[in-house]
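First up is the structure itself, then whatever we jot down about it.
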Amino acid sequence: MGVEVSVEGLTKSFGSQNIWRDVSLTLPSGEVSALLGPSGTGKSVFLKTLIGLLHPEQGSVIIDGTDITKCSSKELYEIRKLFGVLFQDGALFGSMSLYDNIAFPLREHTKKKEDNIRDIVMEKIDLVGLTGAEDKLPGEISGGMRKRAGLARALVLDPEIILCDEPDSGLDPVRTAYISQLLIDINAQIDATILIVTHNINIARTIPDNIGMLFRKELVMFGPREVLLTSEQPVVKQFLSGDRFGPIGMSEEKDEAVQKQEEEMQAAGIGGGGTKDDFSEIIPQVQPNPGQPERKAIERHRQRVHEILHTLPENAQEAIRRSQAEEDQIIAENRKHADKHDLGNGNGNGGNQQQSGGAGEWSTAPAGVAVAGSRSDTTTDVIGQHASDQPTRDWTTPDVSDAQTQPIDTSRFDSDRRDPRSS
């Protein structure tokens, strides 16, 4: 299971330029979180501070009981073994092949033999869709392929904490959906703690359990995604809708003249270009692919939401209750579907496996199951029932003014690819 990351009073500056101040939040163990914010608000700086690449002026970062802002270099080296990091630009070694880049953490931090290393590396290469490109140099492939290679390297040690700096940048919408689904599947498999920095609103609305937002050098909000997605904060609503009318401007601060001009344009019925999606509805969260384990984080997350539900605005409470009622119905339908499938295959253990027939074939997902890239507001996610765990902490909001899905059989695309191990 992933470890909890606790940040208290964190402040970071470069010279006289303050990046953000007094940031406090907790990344719950084994849950997926996302950090949003306009460009230039220090989201990448925050990730680098979490792993000790940058040192803050104030505050603490406690990982697995160790404050990395005060620990020795040796202790920090050991703590970093818990992490897998996907940097914004991939951060690959230019003189190494993709294979050697991905193998690097295994060679650096383990005593595995090369045969074992090759098995692991090729598995991760296949996972991110780069089979056949393992001998290429980073300069010989596209930016999106470099991003996927960086993700394979981040996953090669099966880390307890995964940090992803804009995993969708440089990727087309289809690959973005696959990467998003991959992160959810990995969380289901190893219960890793994941933090995603992104500008992609579809990712933010469908992937994480928790969401935070940085704006004007402060953490505007952090907590369960249901809180932020139903928030009435102007900066949050503007960012989610992608509208130019609101507190966020081309520069960080809008002057009074620009604000007045925009107000006049709005009064005249001129739109700000944003989406008109109904944000009072909570889009179903992406769930693991059929055949994957159920996510253990879901019940922990739901329990925490129930504890703070009475503190939320009435419209948010209503949206959450409606969403959870639909989820409970889907739980029963999904498990009934899984049980029937197992019995039909002669497997009476009532397990969760939904894989059918031949390789690469999957049974149709139950009606309403949300999948990566889906934008249907009629779908509902599948919530697993687990023994309740104690919440990591109470969440606070800082006071600042019946669709069917069927995974694609990709084996036909791989028929002409050759595993280098066979040579």
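The values are calculated or read from the model by the stated rules, or taken from the named source; none is laboratory data. What you are looking at is a predicted structure, and each value in this text was computed from that prediction instead of being measured. So basically every Cβ, Gly included, is an ideal-geometry build from the backbone, and we count neighbours across all protein chains shown.
Worth pointing out:
- Qualifying positions in the range 31-63 - part of a loop (DSSP other than H, G, I, E, B) and under 24 Å from the mean Cα position of the chain (by Cα): GLU31, GLY37, PRO38, SER39, GLY40, THR41, GLY42, ILE51, GLY52, LEU53, LEU54
- In the range 159-177, residue farthest from the chain's Cα centre (by Cα) [restricted to those that are of a type in the set (D, E, K, R) and buried (at least 20 other Cβ atoms within 10 Å of the Cβ)]: GLU160
- Residue within the range 113-127 that is part of a loop (DSSP other than H, G, I, E, B), modelled with pLDDT of 90 or more and of a type outside the set (A, V, I, L, M) present: yes
- Helices (runs of 4 or more DSSP H) contained entirely in the range 178-257, each with at least 3 residues that are within 18 Å of the chain's Cα centre (by Cα): 201-206, 225-229
- Whichever residue in the range 131-145 is part of a helix (DSSP H, G or I) and at pLDDT 90 or above and, among such residues, is nearest to the chain's Cα centre (by Cα): PRO138
- Of all residues in the range 168-206, those satisfying the criterion of being among the polar types (S, T, N, Q) and over 21 Å from PRO293 (Cβ atoms) are SER169, THR176, THR198, ASN200, ASN202.
- If you go through the range 64-103 and pick out every residue that is over 14 Å from LYS48 (Cβ atoms) and either assigned to a strand (DSSP E or B) or out of contact with any Ser or Thr (no Cβ under 8 Å at 6 or more places or on another chain) (or both), you end up with 26.
- Extreme residue, surrounded by the most Cβ atoms within 10 Å (Cβ to Cβ), among residues of the range 88-109 that are polar (S, T, N, Q) and modelled with pLDDT of 90 or more: ASN101
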